[in-house]
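Shown next, in structure tokens, is the structure this report addresses.
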Amino acid sequence: MVDSGWSEAEAKALIDARRHEKGAMLPILHDLMHRFGYIDEAAIPLIASALNVSKAETVGVISFYHDFRRTPAEGPVLKICRAESCQAAGCEDLVDHLERRHGLVADSHHGRVQVETVYCLGHCAASPAAMLDGEPMARLTRESLDACLAEIAR
Ligand code: FES
């Protein structure tokens, strides 16, 4: 995920590249997230107009999916999976560890690293799984999380 500032021209190009696809809304939103790290308010009328839907409908889709952020993240984003396979592999212990050892509370949207809960990243075979700024992390342990957070702090 790249967050290097909003550009209306780039957003328009991303929207135009997919506007004629069937079910274009979600791919467009993912492309904007991937490029900017969030969906800027200014993208909403662009998307609505390109797809011939209302702005309210566009906002509704963005709000429905936890993955779509409407403001830039204040730091690195660690998405930790808490769905069944990762639960069975101990993700709740890791969430607890993040809070107790590092003061990072999942879904609180503050802290030097933003920890967000997600439900299945599609990496169940590598549970417990997470993503750090879009990069997959597999078979997490307390130690690997500690090492990752130490690296971020450098
Ligand atoms: S359940 Fe965690 S990646 Fe699928």
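The values are calculated or read from the model by the stated rules, or taken from the named source; none is laboratory data. Computed from a predicted model, the values in this text were never measured in an experiment. Don't worry about glycine lacking a Cβ; one is built from the backbone with ideal geometry, like all the others, and counts go over all protein chains shown. These area figures cover heavy atoms from the full protein model, side chains too; ligands, DNA and RNA do not enter into them. Shrake-Rupley method; radii C 1.70, N 1.55, O 1.52, S 1.80 Å.
In the full protein context, the chain carries 54 Å² of accessible surface per residue, based on a 1.4 Å probe and ignoring ligands, DNA and RNA. When GluC sites (Glu not before Pro) are flagged only if DSSP places them in a loop and at most 14 other Cβ atoms lie within 10 Å, the longest unflagged stretch of the chain comes out as 75-154. In the chain, the DSSP-assigned H stretches of four residues or longer account for a calculated mean residue ellipticity at 222 nm of -13500 deg cm²/dmol, using -39500 (n - 2.57) per stretch and the full residue count as denominator. Axis of helix 55-64 versus longest Cα principal axis of the chain: the two differ by about 10°, to the nearest ten degrees. Translational D (Stokes-Einstein, µm²/s) of the chain at 37 °C and 0.692 mPa s when Rh comes from the Kirkwood sum over C-alpha pairs? Once the numbers are plugged in, D ends up at 198 µm²/s.
Note on K55: lysines with a C-alpha under 20 Å away, same-chain residues under 8 apart excluded, are K12, K22.
Sparsely packed loop sites in segment 43-78 (the trypsin sites (Lys or Arg not before Pro) outside DSSP H, G, I, E and B with at most 13 other Cβ atoms within 10 Å) comprise R70. Can you pull the percent of the chain's accessible area that's carbon plus sulfur, 1.4 Å probe, other chains left in place? Percent of accessible area from carbon and sulfur atoms in the chain: 53. Of the residues H97, H109, H20, the one that moves most in a GNM of the chain with alpha-carbon contacts below 10 Å is H20.
Calculated from the alpha-carbon coordinates, segment 1-84 shows an Rg and a Dmax of 12.8, 41 Å respectively. For the charge dipole of the chain, defined by +1 on Lys and Arg C-beta atoms and -1 on Asp and Glu C-beta atoms about the Cα centroid, which residue among A11, V113, C86 has the Cα displaced farthest towards the positive pole? Sorting the options by dipole projection puts first A11. Axis angle, to the nearest 10 degrees, between helix 142-153 and the longest C-alpha principal axis of the chain: 60 degrees. Compared with the direct C-alpha span, the chain from H66 to E8 gains 18.5 nm at full extension, assuming 0.36 nm per residue.
Treating r as the C-beta distance of E74 and H20 and R0 as 35 Å, the FRET efficiency rounds to 0.45.
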